[in-house]
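The values are calculated or read from the model by the stated rules, or taken from the named source; none is laboratory data. Treat the numbers as computed from the prediction; the structure is a model and nothing was measured. Note: ideal-geometry Cβ built from the backbone for every residue, glycine included; neighbour counts use all protein chains shown.
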Amino acid sequence: MPEPVAGLGDVDLPATAAETRAQESSSVYWLLVIGGLMMLLGGWLLPWFVEPTANGIGASPMDVVASPPRGVGSVLVDLMCLSMLGLLAGAAYDAVSLRLRRGQPYRWARQRAVLAAVGMVCTVTVWYLIAKRREEPLFGELSPLALTDNAVWLTLTGFALCCLAYGFRRPIAARSGLVLAAVALVIGALVPLIFRQSIEFISWAAGAAAIYTLLALGLNVVVGFAGLLDLGYAAFFAIGAYTCGSLASSRHGDVLHIPFWPYPFWIILFLGAAVAALFGALLGAPTLRLRGDYLAIVTLGFGEIIPDAANNNAFGQTGGPNGITGIHHPSLFGHDFGIDPRPYYYALLVLIALIIVVLRNLERSRIGRAWVAVREDEVAASATGINTVSTKLLAFAIGAAVSGFAGAFYGAELGIVSPDDFQFAVSVTALSTVVLGGIGSITGAAVGGLLISFIIFWILPHAQEWSMTFGNTTGFTALSSVDYSKYVYVAYGVILVSIMLLRPAGLIPSRARKVELQAGGESEPLAAVRGRA
Amino acid sequence: MEGQGEVRAALPPLARRRTLLRGGGLAELGSRAFPTVLIGALVLMIVDVAVRSGLSVAGSQLVNGITKGAIFALIAVGYTMVYGIIELINFAHGDVFTLSAVYGKEIGRGLSWIGMSLWGVSLGSLATRGPLGLAVVLLILFPLTMAATGITGVLIERVAYRRLRDAPRLAPLITAVGVSFILEGSMLVTQGSSNVRTDKEGWIRGTAFTAGGVDVHWADIFVVGMALLMMFALQAFIRSTRLGKAMRATAQDRDAALLSGVNINRTIAATFFIGSALAAAGGLIYSIFFDSVVWNLGFGFGIIAFTAAVLGGIGNIVGAGLGGFLIGLIYVFGGQITSGQWSNSIVFAMLIVVLTFRPVGLLGMRVPDRA
């Protein structure tokens, strides 16, 4: 994110061609391009892996080979495949030329944009002809499978992203945060529509990706802004969930009674956040005076105590291993959310957007600058009059509050909270998300949340099918029986280690953090003197 | 972080104000009273168990606590050594402990296979044949497993930590968590999610003696004896060898050690080797004692052992041993009093209490920076 950190950095005018290029091609640009190309490839390859015998017609060249279209359809599909190939070849050319001579790799942007637009139009037409008009004479035999439809949508989104990235490179570089937010919101809102056939995907999207994104956003305040490693983040998640569970279930006879408002879920949400923040402050107050790595292990211990306490039915309030059941579902303007995952998903999207706005403003406020100062050099920060303990405590409590918020929502959505949902794996997932996305970068946390959930809930479960299909087709039967869901922990570990070693600032680095992590050690003051930190 | 002391000294009014604001007086009092309160609480717990469940229960739990503590102590030494020398909490250390138990199992199987094909004797049958056979088996199995685990520790340092030695503090901590998860995950993948037998059933059997109705088994004596032996050997090594001196020098001031000709990389690698080898000794002792291991065992044990290291004073090897035994007793008696449900939580809460009131630990050598 080429956002200047207020009060710390200044944006120099680009002096050389290289710097101009660097500014024009922000990480958001790359994210859009790479994301678009991945989706293109995904749409193309999906039928290969999932269902090699699919004979419906869609965007996939495989399907086209299986039952070739006739008439106008063949021209459309050919054109679409050509533009797809063109875009992929362009990316390969970029990669090669970047490696070979570090020359001008980003040429023919306009031509690529046109190519992507052509592909997009073709995809839409093909999809429309198949789905709405059922133009059989055009395409031969029709059996539009859910899978084919997903492939079409992936391809379509891919083309759209490429169009956007190549067509509007300069505006994107200038207002990258805004563009990314807009694209993310649109795609986020469209996800349930895109994958409308598979309900479990929607529940995945609602229940997990958004919650993990929320967790990552909160943890980012603690780890990224204030530089404190919190390894027991799931504890606050649990506290929020259990608060919601106790207040919003019949367990305590519906404690909260407000006239004309039988079930004040939206207040309970904030109560959950407040209780979590209180616990965060209670834990942080004695331990935040110590060095950061002690805090890490203290939070690790705390993260074990809370599920342990929940499991042991502490004070008779948590229901033991079974947890609290029968939590009421929330409602908004008289519309009961029920068990349909979609309203939860949209509510979470709105909440995430709100929280992102709040956190962005916090980051740029006086408090945010104090966090950066404390993170970089505590002694210097306290010498300039910052109360380091209360600054860190605030970060810790805000992070805990966001986690409690997410927990309360999670509890209300599932209708049940039990100790198993808050094990150490949750904390590590949140940490991996933050690290993957970029420590200290809000955009990074959001993107990381999506990526991680995609890996855990989509790639790993599907890897089984893919590997089975692949094993059966190629004859490597050993591949058919691998249980990929066991590899989640290894995947987290590999993400944490490889990101820290290879790209310590994460996929979408925050600018200040990038300089700090790359410079490190002795050259850190030098970077600060240059005004880059 | 260097030069913090000078900055503090240069700013006396600020420092004084901060102490006042933080209620330094209370913390000071807590710090001084801490050892007394700790020992007092432990004695109270023991008396409580003795009164409620009888002397023999208290006695056998005492033995139990000391044996558990011996294993915690062996792991804690690895934490304290690594922390002392590069100021890194090696989160993966607990998992190295579990890994060593798995190594011990696999190496034992390999040895059994060799023994079966050459002489028709498996490791287990040799070990249960008599004291001499057992001694032979242990003398083969311990060095092999400790070497294998030590090499793993060195590899972890080489791949994951060395490049980040001068990076900001958060970076190596995060890779340490990552390494821990890679180890746990690979054990989950290879060993499965349930308890795994380690093929060491009945290696050490029988009761050594009975004192006051309390049976003390040979296995208990073996565990405690081995742990004490290892720790005394380590202490002697660090006190009197060249490499030990290099370690102490590196721990004190890495740059100065470098200037006086200490090979820093080799010294740190040796620290990881020794720490992991001691964890391996702990892992083998554990698997001889319990004959079962589970993929995420090292997670809880890691935090408990780290608590032991902090309690004893991080960076202090004797302290780690002492802390290990104390934490073992607290763990067992806390569990007994709360009927087994809260023992982990009690130890973790202990960690918070120690860090709040006495961050230097009981025998503190290195003062954790007060930020």
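Things worth noting here:
- Cβ-Cβ distances below 6 Å connect the following pairs, each with a first residue in the range A:282-297 that is more than 7 Å from chain B (Cβ to nearest Cβ), a second residue that is hydrophobic (A, V, I, L, M, F, W, C) and crowded, with 23+ Cβ neighbours inside 10 Å, and a separation of six or more residues or different chains: A:L283/A:F302; A:G284/A:F396; A:L295/A:L228.
- Considering residues of the range B:337-358 that are of a type in the set (S, T, N, Q) and more than 9 Å from every other protein chain (Cβ to nearest Cβ) only, the residue surrounded by the most Cβ atoms within 10 Å (Cβ to Cβ): B:S343
- Hits in the range B:194-234 - residues which are among the polar types (S, T, N, Q) and touching a residue at least 24 places away in the same chain (Cβ under 8 Å): B:S194, B:N195, B:T198
- Residue pairs whose Cβ atoms lie under 7 Å apart, separated by 6 or more positions or on different chains, with the first residue in the range B:282-300 and within 14 Å of chain A (Cβ to nearest Cβ) and the second at pLDDT 85 or above and part of a strand (DSSP E or B), do not occur.
- Among the conditions (1) under 27 Å from A:L460 (Cβ atoms); (2) in a helix (DSSP H, G or I); (3) modelled with pLDDT under 75, A:I211 misses just one, which is (3).
- Members of the range B:301-318 found to be away from chain A (no Cβ under 13 Å) and within 11 Å of the chain's Cα centre (by Cα), listed by number: B:I317
- Scanning the range B:32-50 for residues that are in contact (Cβ under 8 Å) with a residue 60 or more places away in the chain and within 17 Å of B:V360 (Cα to Cα) gives B:F34, B:P35, B:L38.
- Residue count, the range A:341-376 (criterion: over 24 Å from the mean Cα position of the chain (by Cα) and not hydrophobic (A, V, I, L, M, F, W, C)): 5
- Selection status of B:G192, within 12 Å of another protein chain (Cβ to nearest Cβ) and surrounded by 17 or more Cβ atoms within 10 Å (Cβ to Cβ): no
- Conditions (1) in contact (Cβ under 8 Å) with a residue 24 or more places away in the chain; (2) under 21 Å from A:R291 (Cβ atoms); (3) assigned to a helix (DSSP H, G or I): number failed by B:A279: (2)
- Helices (runs of 4 or more DSSP H) fully within the range A:361-442 counting 3 or more residues that are more than 12 Å from every other protein chain (Cβ to nearest Cβ) and small (G, A, S): A:366-376, A:388-414
- Taking the range B:66-166 and the helices (runs of 4 or more DSSP H) fully enclosed by it, the elements with 1 or more residues that are at pLDDT 90 or above are at B:93-119, B:131-156.
- Condition met for B:F142 (more than 16 Å from B:T271 (Cβ to Cβ), of a type in the set (F, W, Y), surrounded by 24 or more Cβ atoms within 10 Å (Cβ to Cβ) and away from chain A (no Cβ under 14 Å)): no
- Boolean, A:A277 is within 27 Å of the chain's Cα centre (by Cα), surrounded by 15 or more Cβ atoms within 10 Å (Cβ to Cβ), more than 14 Å from chain B (Cβ to nearest Cβ) and in contact (Cβ under 8 Å) with a residue 40 or more places away in the chain: yes
- Only a single criterion out of (1) modelled with pLDDT under 80; (2) in contact with a helix residue (DSSP H, G or I) (Cβ under 8 Å, 6 or more places away or on another chain); (3) over 30 Å from A:A310 (Cβ atoms); (4) in a helix (DSSP H, G or I) is not satisfied by A:L193, namely (2).
- Test: residue in the range B:210-227 that is on the phi > 0 side of the Ramachandran plot and of a type outside the set (S, T, Y): yes
- Residue check for A:S467: modelled with pLDDT of 70 or more and out of contact with any Lys or Arg (no Cβ under 9 Å at 6 or more places or on another chain): yes
- Any chance A:A353 is part of a helix (DSSP H, G or I), under 25 Å from A:F265 (Cβ atoms) and within 13 Å of chain B (Cβ to nearest Cβ): no
- The range A:226-255 residues that are at positive phi, paired with ones that are outside any helix (DSSP H, G or I) and at pLDDT below 90 (beta carbon under 9 Å, 6 or more apart): A:G227/A:I439; A:G227/A:G440; A:G227/B:P168; A:G227/B:R169; A:D254/A:A248; A:D254/A:P262; A:D254/A:Y263; A:D254/A:H328
- Only listed residue being buried (at least 23 other Cβ atoms within 10 Å of the Cβ), touching a residue at least 12 places away in the same chain (Cβ under 8 Å) and either within 14 Å of chain A (Cβ to nearest Cβ) or out of contact with any helix residue (DSSP H, G or I) (no Cβ under 6 Å at 6 or more places or on another chain) (or both), chosen from B:S100, B:S180: B:S180
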